[in-house]
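The structure appears right after this line, and notes come after that.
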Amino acid sequence: MTQPVSPPRDSTDKVPQIPLPAWRTVMVRADLRTLSLLGVLTALIVIGGITKPDEFLDTRNLQLVLTQASVIGVVTVGMTFVITSGGIDLSVGAIVALASVWATTVATQEYGFAGILFTAMIVGVGCGLVNGLLIAYGGMVPFIATLAMLASARGLALQLTDGRTQIVTVDGVLDLGERDAYVLGVPPLVIVFAIVTVIGWLVLNRTTFGRRTVAVGGNAEAARLAGIDVRRQRLYLYLLSGLCCGIAAFLLIILSGSGQNTNGNLYELDAIAAAIIGGTLLTGGRGTITGSVLGVLIFTTITNIFALNNLQSDVQQIAKGAIIVAAVLVQRRTASTT
């Protein structure tokens with residue numbers, strides 16, 4: 001018995017397209033965002049090299065850019081986790097200020113290097129603990145809770161210093177800011193920033209903690225039904241943000257050799273802006289440490305170019321504000337088309 005022969009396929013028949021898996025689509029978009037950020041950073045470097053070639057491309061200036069990026073960069077790593085979870089932390093700059101002045105009091109400096117480092121970190125973690133408890137277990141809106149912490153921490157920092165600058169006299173801390181402490185031409189602050197960045201990337205992308213953070217930001221109720229303790233996760237995230245602020249405060253002490261109540265001014269703006277520019281969704285559910293770091297480098301490079309070209313600080317703030325608005329609009333447009 002002969003088998004029926006199927007008619008030959010017409011060469012004009014369309015082959016059905018198999019859609020890419022969701023994770024492949026996300027990866028492709030992430031790669032495009034990263035390449036776009038790298039393109040922007042490259043363009044800024046070219047602009048700096050054209051406008052001020054001798055000054056901008058000088059090794060000392062490039063080291064300065066990386067050093068300045070390190071302080072706000074560490075804060076941004078913590079901010080990325082918080083925003084990914086659907087939260088916000090407006091108090092990071094004030095926490096940096098409070099940690100820096102508390103760690104540089106005369107009483108604290110009597111305990112030397114370890115005393116300054118421990119105090120900066122414990123103050124940061126303590127402030128993060130208060131934020132986390134108010135938000136996770138007190139039911140307060142993150143905007144209100146962290147705004148209250150901003151005002152309180154700034155006020156306490158001013159009270160501790162009485163408006164005066166506290167000079168660091170501990171040689172072990174000051175020596176880290178000298179060029180003799182550089183490792184193969186890399187400042188110690190940049191090395192710390194790199195370590196924090198790598199750890200942050202691994203935690204967000206390769207651990208259960210990171211997956212829970214994304215899940216809470218994407219849909220908190222669904223995360224709760226899946227067995228995630230949402231309140232405890234949020235508490236941990238604000239503790240992490242506070243820890244990053246404490247580390248940043250210590251780096252700032254090394255960089256400036258002092259503690260001031262004005263430290264960390266507008267760090268919350270810079271950290272949020274860098275995270276959003278990098279691709280972290282302001283509504284939560286998606287975060288990228290790599291993008292946030294590139295966002296920090298972009299903003300720091302812009303600030304440096306403006307300073308070398310003698311542009312006023314108000315122009316810098318206007319530019320940052322415009323970039324934030326543009327980034328949010330792009331995110332909303334992207335979200336509406338998916």
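The values are calculated or read from the model by the stated rules, or taken from the named source; none is laboratory data. The model shown is predicted, which means the values in this text are computed figures rather than measured ones. Note: ideal-geometry Cβ built from the backbone for every residue, glycine included; neighbour counts use all protein chains shown. These area figures cover heavy atoms from the full protein model, side chains too; ligands, DNA and RNA do not enter into them. Shrake-Rupley method; radii C 1.70, N 1.55, O 1.52, S 1.80 Å.
The table below gives the values:
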quantity	calculated
Qualifying positions in region 258-281 - of a type in the set (Gly, Ala, Ser) and out of contact with any strand residue (DSSP E or B) (no Cβ under 7 Å at 6 or more places or on another chain)	GLY264, ALA271, ALA273, ALA274, ALA275, GLY278, GLY279
Answer residue from region 183-205, given it is surrounded by fewer than 13 Cβ atoms within 10 Å (Cβ to Cβ) and modelled with pLDDT under 95 and is nearest to ILE228 (Cα to Cα) among those	VAL183
Test: residue in region 255-270 that is charged (D, E, K, R) and over 19 Å from GLY128 (Cβ atoms)	no
Condition met for GLY259 (under 30 Å from ARG164 (Cβ atoms), open to solvent by less than 40 Å² (accessible area, probe 1.4 Å) and at pLDDT 95 or above)	no
Filtered residues of region 264-308 (kept if at positive phi and either touching a His at 6+ places or on another chain (Cβ under 9 Å) or not hydrophobic (A, V, I, L, M, F, W, C) (or both))	GLY264, GLY279, GLY284, GLY285
Matching option when the condition is at pLDDT 80 or above and either part of a helix (DSSP H, G or I) or open to solvent by 80 Å² or more (accessible area, probe 1.4 Å) (or both), among THR42, THR12	THR42
Failed item in (1) open to solvent by 10 Å² or more (accessible area, probe 1.4 Å); (2) hydrophobic (A, V, I, L, M, F, W, C); (3) under 15 Å from the mean Cα position of the chain (by Cα), with ALA222 passing the rest	(3)
Residue identified as touching a residue at least 24 places away in the same chain (Cβ under 8 Å), of a type outside the set (A, V, I, L, M, F, W, C) and either closer than 21 Å to GLY257 by Cβ or open to solvent by 20 Å² or more (accessible area, probe 1.4 Å) (or both) among THR108, THR84, THR104, THR119	THR104
Subset of region 158-175 that is open to solvent by 50 Å² or more (accessible area, probe 1.4 Å) and of a type in the set (A, V, I, L, M, F, W, C) - its residue that is nearest to ARG60 (Cα to Cα)	LEU174
Number of the condition not met by THR169 [criteria: (1) closer than 22 Å to GLY112 by Cβ; (2) assigned to a helix (DSSP H, G or I)]	(2)
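Residues are listed down the side, and each one gets a yes or a no for (1) of a type in the set (A, V, I, L, M, F, W, C); (2) within 30 Å of GLY210 (Cβ to Cβ); (3) in contact (Cβ under 8 Å) with a residue 12 or more places away in the chain:
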position	(1), (2), (3)
ILE50	yes, no, no
GLN68	no, yes, yes
GLY78	no, yes, yes
ALA99	yes, yes, yes
